[in-house]
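Asker: Before we start, here is the structure in question, set down as structure tokens.
The values are calculated or read from the model by the stated rules, or taken from the named source; none is laboratory data. The structure displayed is predicted, hence computed values, not measured ones. Cβ: placed from backbone, ideal geometry, glycine included. Neighbour counts: every protein chain shown. Note: areas computed on protein heavy atoms with side chains; ligands, DNA, RNA excluded. Shrake-Rupley method; radii C 1.70, N 1.55, O 1.52, S 1.80 Å.
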Amino acid sequence: MAYPGYGGAFGNFNSQMPGAGPDVLLGGYSGYPAYSDPYSSADDTMYAYFSAVAGQDGEVDAEELQRCLTQSGISGTYSPFSLETCRIMIAMLDRDYTGKMGFNEFKELWAALNAWKQNFMTVDQDRSGTIEHHELSDAIALMGYRLSPQTLTVIVRRYSKNGRIFFDDYVACCVKLRALTDFFRKRDHLRQGFVNFIYDDFLQGTMAI
């Protein structure tokens, strides 16, 4: 179908690998379970990174999130995340529209980033630190999305530089795919792949990302 499917470990952040999750529902979406993460020793490390930059309200804005992720080293050998990518990370999980992220949202983001990073490394077969357009298409398919060739072409043009997609741009692409699909899915009550939008609702959902 021409609209994105929604499934796999990298699209909905569950712990299952693509193809092992719930059955895909009418309209191309897989089940979308609420995020849950039992306490583990990793929480202590994540909280240390988070609390080192969080304000008195226990939340981080985009600049604080950028510092937190840079200090954590989650990007590995790739370049640190840009401020713009951090802004849309917050927007993706900003369910109370504060423009900030609490620790629970940070844990959800952390799980997503690790999954996306693993996905990126899987398709970067030549270990160049970047991926080509066909590898981005493979990565998107691994996440469970079903996109038309025309949509894939638009995405590649938007996120590639001289024919290559860097990790930061790849993550920005993943964030936007997740956020916009989630926005659409919440309004597609019958899972038919089409909805009617009020103009103001459309702007709020897309301009925030």
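Asker: Where residues in the range 197-209 are among the hydrophobic types (A, V, I, L, M, F, W, C) and not in a loop (DSSP other than H, G, I, E, B), which of them is surrounded by the fewest Cβ atoms within 10 Å (Cβ to Cβ)?
Answerer: MET207
Asker: For the condition touching a residue at least 60 places away in the same chain (Cβ under 8 Å), part of a loop (DSSP other than H, G, I, E, B) and farther than 23 Å from LEU203 by Cα, what is the one hit in SER75, SER128?
Answerer: So the residue among SER75, SER128 that is touching a residue at least 60 places away in the same chain (Cβ under 8 Å), part of a loop (DSSP other than H, G, I, E, B) and farther than 23 Å from LEU203 by Cα is SER75.
Asker: Among the residues of the range 137-156, is any closer than 30 Å to GLN56 by Cα, out of contact with any Gly (no Cβ under 9 Å at 6 or more places or on another chain), part of a helix (DSSP H, G or I) and hydrophobic (A, V, I, L, M, F, W, C)?
Answerer: no
Asker: Right, here's the next one. Any idea which residue in the range 78-105 is surrounded by the most Cβ atoms within 10 Å (Cβ to Cβ), counting only those that are touching a strand residue (DSSP E or B) at 6+ places or on another chain (Cβ under 7 Å) and not in a loop (DSSP other than H, G, I, E, B)?
Answerer: Filtering the range 78-105 for residues that are touching a strand residue (DSSP E or B) at 6+ places or on another chain (Cβ under 7 Å) and not in a loop (DSSP other than H, G, I, E, B), the one surrounded by the most Cβ atoms within 10 Å (Cβ to Cβ) comes out as MET101.
Asker: Would you confirm whether or not the range 134-145 contains a residue that is under 30 Å from VAL53 (Cβ atoms), within 17 Å of the chain's Cα centre (by Cα) and not aromatic (Phe, Trp, Tyr)?
Answerer: Checked the range 134-145: at least one residue is under 30 Å from VAL53 (Cβ atoms), within 17 Å of the chain's Cα centre (by Cα) and not aromatic (Phe, Trp, Tyr).
Asker: How many of the residues making up the range 181-196 are of a type outside the set (S, T, N, Q), assigned to a loop (DSSP other than H, G, I, E, B), without any contact (Cβ under 8 Å) to a residue 40 or more places away in the chain and exposed (fewer than 13 other Cβ atoms within 10 Å of the Cβ)?
Answerer: The total comes to 1.
Asker: Filter the range 67-111 down to the residues that are under 16 Å from the mean Cα position of the chain (by Cα) and under 15 Å from THR45 (Cβ atoms) and list them by number.
Answerer: Matches in the range 67-111: LEU69, ILE74, PHE106, LYS107, LEU109, TRP110, ALA111.
Asker: Looking only at the range 121-180, which residues are within 22 Å of ALA208 (Cα to Cα) and either open to solvent by 60 Å² or more (accessible area, probe 1.4 Å) or among the basic types (Lys, Arg) (or both)?
Answerer: VAL154, ARG157, ARG158, LYS176, ARG178, LEU180
Asker: Would you confirm, using the coordinates I've provided, whether ASN114 is closer than 20 Å to PRO80 by Cα, assigned to a helix (DSSP H, G or I), open to solvent by less than 80 Å² (accessible area, probe 1.4 Å) and in contact with a helix residue (DSSP H, G or I) (Cβ under 6 Å, 6 or more places away or on another chain)?
Answerer: no
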